[in-house]
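Here's the structure we're looking at; comments come further down.
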Amino acid sequence: MTTTVAAPPTAAPVATPKVRRGWTQHGMVFVAPFLLIYVAFLVWPTLLGFQMSLSSVNIAGRNNNFVGFDNYLEAFGDPRMWRSLWNTVVFTVLSTIPLVFLGLVFALLVHNLRFMQWLWRLSFFGPFLLPSAVVSILWLQMIYPPDYGLINGTLGTDVLWLGDPSVAMWSMVLTTVWWTVGFNFLLYLAALQSIPHHLYEAAAIDGASAWDKLRSITLPLLGRTTMLIVVLQLVASLKVFDQIYLMTGGGPQDSTRPIIEYAYDVGFTGYRTGYASAVSYILFALIVIVSLAQLRLFRKREEVAS
Amino acid sequence: MTKRFSWSQLILLVVALVLAAIWLAPVLWAVATSLKPEEETTQLPLQWFGSEITFDSYALVLGTGGIVKWAINSTVTAVIVTFLTVLFSAMAAYGFARTQFRGQRVLLALILAGIMVPPQVLIAPLFAEMVTLGLVDTWWAIILPQVAAPLIVYILVKFFQDVPPELEQAAFVDGAGRWRVFFTIVLPLSRPVLAAVSIFTFINTWNNFLWPFLVSTDPNTMTLPVGLANVVQGTFGLRYAQIMASVVLAGLPLLVVFVMFQRQIVRGVAHTGLAGQ
């Protein structure tokens, strides 16, 4: 016993415990609990969902006949499916741009201010902490009503924020930007804080202006963060449901109904669960395509960088 | 940075104040409305303050509504989800990052692929599964699917891979087993990342709407967002002060938590690698 203890710690390479006999199955024990839940509540429903999309099953589990790709064929010929898919894409594009840009602006602003950090963080990140039901009720009941709502009441306008089909989607984007920009703000803020100080000091010695520093140090170093934020944001926006369901229910005239709400409508209100699964899988496919495309872009950029 | 007064700081301060005022306005308006006498909530032109400040709406909401019960349900489910998610994900991540076993690479690939599966598209099959398991209207239906969070495993695998092996070796030499090393060395070392992961899991679970909305129809198991959405549309009618009092009560807990832990949260985000540095 004493001999082993006496061995100097630098007497590497120490045989790693990984390969020692008797350790090998330990890894599996660590992984098992998560794996069990993961397979039961993610892998299995993913497979089950695909099976359901090939059937005519309803919400009660009845009428469960195999119909092949009929649901998909029907979905591709369904104008309401296309409308909700289009709404989802429009929402994603309209929301991602301000959510990334404003997140960056807020973070740059707060990072460069020396006063009252808690106030800025609370103001810009605070709304992200509110449940979607709170946000929806607040905007639906108090901010958007045409007569006594906060916006029209303050600005003296008379916009039908939620009642006009050409405005409603913009209102959803506005609410969403207010509600969720805080997350991107926080990611940018953390990234800004991890940029080494000496880069700016060196630039200052070279006589660089604030604008020069922003353009040639800060923004390039935020590149990776920006790509990450764009990926997360695109996927998050494609999944929009809560605030639209709660505020407009998809209206007026289907102008805001996103595809998840359409899947919910046909599956849980219309009882056509098989068809709803097919619609869900169309969105799933879209999200996988966007994720993989981004991933490729990421890899390419990184190869160029290194 | 210089400490003296500068024009650029003043300009930034003014811009930040204006933006913060805009961003806070909806929340402040909710608070202001909740403190007005009910009949003055829709008065025109808009007034930020009513003729008096009254807490009647809060008393009514707390006295009659299920809001306290839902807040408890939300807290309990969010705490359980957070605890199980962080524990199981950390264990799994440790297994993947620091041990070897048969089928490891395939399993890790399976979990990473799961990051792309949006929970929202699984509502129909998950619901069918819950019906089969008889879990509808129980807390487990709300809890279990949210514990299957592959992204958390991924973040922790990345983090554990960077823990210096020497720290573990020393403990192994002293005769510590895998579990002991995991609980007394690896987990304490990972406190910042675990804190960040816990906070975001808690926020997401507390605020999750669609899934709890589908599996809880019984007011006794409803979480706060679900209860609020159901009842506000139903019984409160057009009593805006009460609606806004509910909104303030439902939004307050996490805002308080954030104000208390904001430094750790910002620092934690950097540690998760989510900030991309």
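The values are calculated or read from the model by the stated rules, or taken from the named source; none is laboratory data. Since we're looking at a predicted model, the values are computed, not measured. Note: ideal-geometry Cβ built from the backbone for every residue, glycine included; neighbour counts use all protein chains shown. Just so you know, the surface numbers come from the protein's heavy atoms only, side chains and all, with ligands and any DNA or RNA stripped out. Shrake-Rupley method; radii C 1.70, N 1.55, O 1.52, S 1.80 Å.
Ordering A:G156, A:M28, A:L232 by Cα displacement along the dipole of chain A toward the positive end leaves A:M28 in first place; charges were set at the Cβ atoms of Lys, Arg (+1) and Asp, Glu (-1).
Dipole magnitude for segment A:71-305: about 580 debye, using +1 per Lys or Arg Cβ and -1 per Asp or Glu Cβ, origin at the Cα centre. Computed about its Cα centre, the charge dipole of segment B:107-247 is approximately 220 debye, with only Lys, Arg, Asp and Glu carrying charge at their Cβ.
Taking segment A:129-160 and a reference point 7 angstrom along Cα→Cβ of A:V90, the backbone N atoms nearer than 18 Å belong to A:160. In this label model, B:V257 and A:M28 are separated by 3.7 nm, measuring between points 7 Å along each Cα→Cβ vector.
Accessible surface calculations at 1.4 Å, restricted to protein heavy atoms, place the protein assembly as shown at 46 Å² per residue. Calculated mean residue ellipticity, 222 nm, chain A: -19500 deg cm²/dmol, from DSSP H runs (n ≥ 4) at -39500 (n - 2.57) each, averaged per residue and rounded to 500.
Each 5 Å bin, from zero up to the one with the longest distance, holds this percent of the alpha carbon pairs of segment B:65-233: 1, 8, 16, 17, 16, 14, 10, 8, 5, 3, 1, 0, 0. Helix B:104-114 and the long axis of chain B differ in direction by around 20°, with both axes built from C-alpha atoms. Compute the Cα gyration tensor for the protein assembly as shown, then decide on rounded, prolate or oblate, letting a ≥ b ≥ c be the square roots of its eigenvalues: rounded whenever a/c is under 1.5, prolate when a/b is larger than b/c in the other cases, and oblate in all that remain. Judged from the Cα gyration tensor, the protein assembly as shown comes out oblate (a/c at least 1.5, b/c at or above a/b).
When the charge dipole of segment B:65-233 is built from unit charges on Cβ atoms (+1 for Lys and Arg, -1 for Asp and Glu) and taken about the Cα centre, the candidate among B:A124, B:Y154, B:P212 whose Cα reaches farthest toward its positive end is B:Y154. Looking at A:N65, A:S55, A:G103, which one has the Cα that reaches farthest to the positive end of the dipole of segment A:28-124 (charges on Cβ: Lys, Arg +1; Asp, Glu -1)? Value computed over the given set: A:G103. Per residue, the convex hull spanned by the Cα atoms of segment B:156-258 amounts to 137 cubic angstrom. Taking a ≥ b ≥ c as the square roots of the eigenvalues of the Cα gyration tensor, an a/c ratio of 1.5 or more together with a/b larger than b/c marks segment A:151-253 as prolate. The GNM of chain A, with springs linking C-alpha atoms under 10 angstrom apart, assigns the highest mean-square fluctuation among A:G27, A:G274, A:G156 to A:G27.
Multiplying the residue separation of A:H111 and A:A204 by 0.36 nm and subtracting their alpha-carbon distance yields 31.7 nm. Please find the FRET efficiency linking B:Q161 to A:V288, where r is the Cβ-Cβ separation and R0 is fixed at 30 Å, and quote it to the nearest 0.05. So the FRET efficiency works out to roughly 0.70. The calculated FRET efficiency for the pair A:T154 and B:R105, based on their C-beta separation and a Förster distance of 56 Å, comes to about 0.45.
For chain A, which DSSP H helices look membrane-span-like by this rule: Cα extent along the axis of 18 Å or more and mean Kyte-Doolittle of at least 0.0? Helices passing the filter in chain A: A:26-38, A:79-111, A:168-193, A:223-238, A:273-305. For the protein assembly as shown, lysine pairs separated by 8 or more sequence positions, or belonging to different chains, with Cα-Cα distances below 29 Å total 7. The charge dipole of the protein assembly as shown, taken about its Cα centre with unit charges on the Cβ atoms of Lys, Arg (+1), Asp and Glu (-1) only, comes to about 2000 debye. Relative to the dominant Cα principal axis of chain B, helix B:67-98 is inclined by about 20°. Computed from Cα positions, the angle between helix B:123-133 and the longest principal axis of chain B comes to roughly 70 degrees. Each of A:W170 and B:L28 was given a label point 7 Å from its Cα along the Cα-to-Cβ line. The distance between the two points is 2.5 nm. The value obtained for segment A:71-305, namely the Cα convex hull volume divided by the number of residues, is 149 Å³ per residue.
Per-residue mean of other chain beta-carbon atoms within 10 angstrom of the beta-carbon, peptide A:103-112?
2
Between B:V173 and A:L119, what is the FRET efficiency for a Förster distance of 56 Å, r being their Cβ-Cβ separation, to the nearest 0.05? About 0.65, to the nearest 0.05.
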